[in-house]
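All of the numbers you see were taken from the coordinates with simple rules; none came from a lab. Computed from a predicted structure; not experimentally measured. Glycine also receives a Cβ, built like all others from the backbone with ideal geometry; neighbour counts cover every protein chain displayed.
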């Protein structure tokens, strides 16, 4: 059994069942090809089914083909430092922005986790937000087509639209979709409206790249958008990056050793992968050489497959060698360690140089956003 | 039976029962004397029991006596033009500000009525807000000690504090206090937090002059204030100004002819009072001369008593002459008409000259407020 809500992902996740439950669509091979063809570039996260589900992605591509355009929206709720699982959807988002040259809005709902958990303080969350924004700025979005904002700072600019959105959602709906109870605080109850608001920042269609646990918001958005004079939002959903401990579930921010953090050093990465990454190998080298390993349950292999080894040939070779027993677990893990450390080294470097002010206040789009007050 | 909530006041109102139900205190003669003594000036609204109930008014006066000071907070939810009943508590607030030289915050919750009623549009409410702000500015508050703000515009400045407040209030509480249901929209559900926020604008004690139907907000505020590091708010409650049609109930913005509007011309005032003001007179002049009138149910007399005839001697004389039949209904009404028209003429004149910008943006306090972001 699995539980998937925007605040909780637990247990073994059956993605086919999620598609059914949430009422989304699987990305068909044809649609995947069409997306990559439009962008003139292959993408490992699409090819390997890490982004696997969608709503109206076909309509987004239609709009693009007709010259109507579209825009991107994603977000990050500050609740601590970021791990690889938080960054990957942003990397995918950058790929989309680079290819389509469209505006991107990145929301930092600095109230969400604060409202959700008793132990978070406002000051604490602000500290996380500052760190997170650096990580986001490091992804390399187009500084004149990207607006990164904290909900608290941008509240006055969206207030009319926020109220117009909130007016359309009853407690009954919010309760059914998010499982709110009588003990839920009134801030948390209104919060979903703010997560929906950026889908109304332009009169074009909005495309949201995000993990599938965020979809409940888009379901409500799609019920009310047209009544407010906007498009139903489109979405492209990712799976969760499995935790080091096993291929099921989601890398968790609350259990430090299940994740690779963006600030983990080379040694830490090596140690963690070697120690914690669940292995499909055998108990002894002899046995492994004889019987071979199982890449299907091996977290290191799955990470390579989902995200870090774009070369199809090379991946096939690794899989074959591991399955046959020719490649040992330590060797497989080392491949991942090298990939991860290369990825993190680039990230650290970009993070140092990242111009946060540009994305938040000074870029072309940011400047325009600060001059705008949104109303349906 | 009567119903009193912030959005509905119906039926005959038993103020003693309200004090019991709400758990407030009657303003004792001693406390009333003390308040007027501190201010060195008598006030007809206090003397005639129009402001009749309170919370912690004694503690406010203690704080003032000890040099700790306090501040004032009141508001006006834009939902249409303002009538006399809307202005009177503001006139009382000015009296307090003049005497104590304290800061005053006037909130215009431009989302409240919009969220509450399906038929209100955002644009419509903004139009009302603009008109209402002119009327408020005309009251003559100290422009350097007064900050008049719309919730929509000031949202970013209060957002952290708003979230900290909202986190302290469960749906269960809001439901019990305001009668919210599953069909209430999520904006309305969070709204009470924003009405509480200005009580936290200073670390001093807050005193709220307002009609008693607003007290439910202060009840919740008093439950959470100390947990956030602030004082429980104090309040001084007025009765409702009775509608022209009878001494019970509340002058209603939704029934035009029950109220005297701030933009009613001299002739309109005369016509309305003559035609609609419920009279305690007899059916014929002969009968009236013989049996006398009943000032206790006569709306014109009650308005004079509550608000418009500060001279005790003159009021007693009017009462006596009316009760004896010496004064006819038309004559009594004419006294009120003259008072009302004098009051409105002064208001119109001040309204013309009112410097709205000063209260909202340019006065000393306003400037300071726009530079401040509030956090508990």
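Overview of values
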| quantity | calculated |
| --- | --- |
| Other copies of residue A:182: label-to-label distances in nm, shortest first, labels 7 Å along the beta-carbon direction | 1.3 |
| The stretch B:256-351: relative contact order as a whole-number percent, Cα under 8 Å and 6+ apart | 32 |
| Sorted largest first, extent of the stretch A:238-286 alpha carbons per principal axis (Å) | 36, 26, 18 |
| Rg and Dmax [Cα atoms of the stretch B:103-146; Å; Rg one decimal, Dmax integer] | 12.5, 37 |
| Between 0 and 90°, nearest 10: helix A:186-196 axis offset from chain A longest Cα axis | 80 |
| In Å, descending, principal axis extents of the Cα set of the stretch B:76-141 | 41, 19, 16 |
| When the protein assembly as shown is reduced to its Cα atoms, the Kirkwood hydrodynamic radius in Å | 29.5 |
| Relative contact order computed over chain A (Cα-Cα under 8 Å; 6+ residues apart), in percent | 22 |
| Helix B:215-224 axis, angle to chain B major axis (alpha carbon atoms, nearest 10°) | 30 |
| Convex hull of the stretch A:1-90 built on C-alpha atoms - directionally averaged projected area, nm² | 7.2 |
| Dimensionless Rg ratio for the stretch B:22-137, taking C-alpha atoms and the 2.2 N^0.38 Å reference | 1.24 |
| Percent of Cα-Cα distances greater than 33 Å, calculated over chain B | 30 |
| Over the stretch B:256-351, volume per residue of the alpha carbon convex hull, in Å³ | 88 |
| Inter-chain shielding of B:149-161 (mean C-beta neighbours from other protein chains, 10 Å cut-off) | 5 |
| Modelled FRET efficiency - R0 35 Å, residue B:123 with residue B:350, Cβ distances, 0.05 increments | 0.80 |
| Kirkwood estimate for the stretch A:156-261, i.e. one over the average of 1/r between Cα atoms, Å | 15.5 |
| Rg/Rh ratio calculated on Cα atoms of the stretch B:150-203 (Kirkwood radius) | 0.99 |
